[in-house]
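Enquirer: There's a structure below that I have some questions on.
The values are calculated or read from the model by the stated rules, or taken from the named source; none is laboratory data. In this text, all values refer to a predicted model and were calculated from it rather than measured experimentally. In this analysis, Cβ positions are derived from the backbone assuming ideal geometry, glycine residues included, and neighbour counts consider all displayed protein chains.
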Amino acid sequence: MRFQLQKFLPNNRRYSTEILKAGSRFLKENGVEEPRRNAEILLSHLLKKPVHRIYADDERITRGILPAYSKLLGKRASHTPLQYITGKVDFYKYVFSVEKGVLIPRPETEILVEKAVSVYKEYFLPVRARILDIGSGCGNIAVSLAKEIKNCSIAATDISLKALKVSHCNALRHKVKSKIKFYKSDIFPPGKSRFHMIVSNPPYIPLADIAGLDEDVKREPLTALSGGRDGTSVIRKILGRADVFLHEKGFLLMEIGYNQADFIRSFKCGMKLTGIERDLAGIERVAVFRKTG
């Protein structure tokens, strides 16, 4: 979407607070949720300055900044996700690179990381844990676990070469590349390796629900969102074979979608469901299984 910010500025006032007001108004008129926050983040990204400093300084913006900011606002108004525009996303305690074609991490997935760290400390510390991350995406789960669990090695799989490239860059960025091996694979890695923990945020949205998603979310890769007809096609594959890849008494921790907890409880597999963690909205979000034999 083409946009000229200067037309929105009263009396050609090019101070940062005036620019933010104009940008926020434009985004609001184009149906972007939280327009002020989006306008702030985009200008902060462009000026390489924290938001609070933009307000505190309220400096006069050079003419060269206006077309660049207009371009960013136009992208956001066209529902390009904010994280794709800035190229980064906050997850857990860290900042990750992300780009178009790679799933954007959600806050709910932080529960998966927190639970995995808790399971390690309770059941495996001080053993060197071998962890498998299925559907690694930008590597946010694998990298976070590599940072939080000092004594571990991680195998991370993804079907997307672009996702593997980004996750590799994030591992380098956070200086944990030596602890993670990446594999291009639909679900499980090649070979017969066994792991103390398997973690996964698989695609779990029913195909029929994709059309009703927010326009921003529709810009993300379908393969990372849709779990087939009822949302459980990948979940079934993981549950059906995870025990083969687990050590005795090993754990599977998997994020699940809204209204999938009953399916999880009824599914018969070579593991025992030990509990389901709820997210901040009270939705049962992370299923925890343990290999029984």
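Enquirer: What number of residues within region 40-58 satisfy the criterion of being charged (D, E, K, R), under 14 Å from Y15 (Cα atoms) and either in contact (Cβ under 8 Å) with a residue 40 or more places away in the chain or loosely packed, with under 15 Cβ neighbours inside 10 Å (or both)?
Expert: Of the residues in region 40-58, 3 are charged (D, E, K, R), under 14 Å from Y15 (Cα atoms) and either in contact (Cβ under 8 Å) with a residue 40 or more places away in the chain or loosely packed, with under 15 Cβ neighbours inside 10 Å (or both).
Enquirer: Can I ask one more? Looking at region 203-238, which of the residues that are crowded, with 19+ Cβ neighbours inside 10 Å and hydrophobic (A, V, I, L, M, F, W, C) is farthest from V288 (Cα to Cα)?
Expert: Of everything passing the filter in region 203-238, A224 is farthest from V288 (Cα to Cα).
Enquirer: Oh, and also: Residue by residue through region 186-202, note down the ones that are of a type outside the set (F, W, Y), within 24 Å of R290 (Cβ to Cβ) and outside any strand (DSSP E or B).
Expert: Listed by number, the residues that qualify are I187, P189, G191, K192, S193, R194, N201, P202.
Enquirer: Could you say which residue among R194, R173 is surrounded by fewer than 17 Cβ atoms within 10 Å (Cβ to Cβ) and closer than 20 Å to Y94 by Cβ?
Expert: When all the criteria are applied, what remains is R173.
Enquirer: If you don't mind, there's one more thing I want to ask. Would you be able to say whether some residue in region 85-100 is in a helix (DSSP H, G or I), surrounded by 15 or more Cβ atoms within 10 Å (Cβ to Cβ), of a type outside the set (S, T, N, Q) and at pLDDT 95 or above?
Expert: Checked against the condition, which is being in a helix (DSSP H, G or I), surrounded by 15 or more Cβ atoms within 10 Å (Cβ to Cβ), of a type outside the set (S, T, N, Q) and at pLDDT 95 or above, region 85-100 yields at least one hit.
Enquirer: Could you list all residues from region 108-166 that are in a loop (DSSP other than H, G, I, E, B), closer than 16 Å to K177 by Cβ and more than 15 Å from the chain's Cα centre (by Cα)?
Expert: I149, K150, listed by residue number.
Enquirer: Also, quick follow-up: Which one of K28, K71 is out of contact with any helix residue (DSSP H, G or I) (no Cβ under 8 Å at 6 or more places or on another chain), among the charged types (D, E, K, R) and assigned to a helix (DSSP H, G or I)?
Expert: When all the criteria are applied, what remains is K71.
Enquirer: I'm told R128 meets every condition in (1) surrounded by 16 or more Cβ atoms within 10 Å (Cβ to Cβ); (2) more than 20 Å from V286 (Cα to Cα); (3) in contact with a strand residue (DSSP E or B) (Cβ under 8 Å, 6 or more places away or on another chain); (4) of a type outside the set (D, E) except one. Can you identify the failing condition by its number?
Expert: Here R128 clears every test but (1).
Enquirer: If you don't mind, there's one more thing I want to ask. Among the listed residues K268, K249, which satisfies the condition of being touching a strand residue (DSSP E or B) at 6+ places or on another chain (Cβ under 9 Å) and loosely packed, with under 14 Cβ neighbours inside 10 Å?
Expert: After applying the criteria, what remains is K249.
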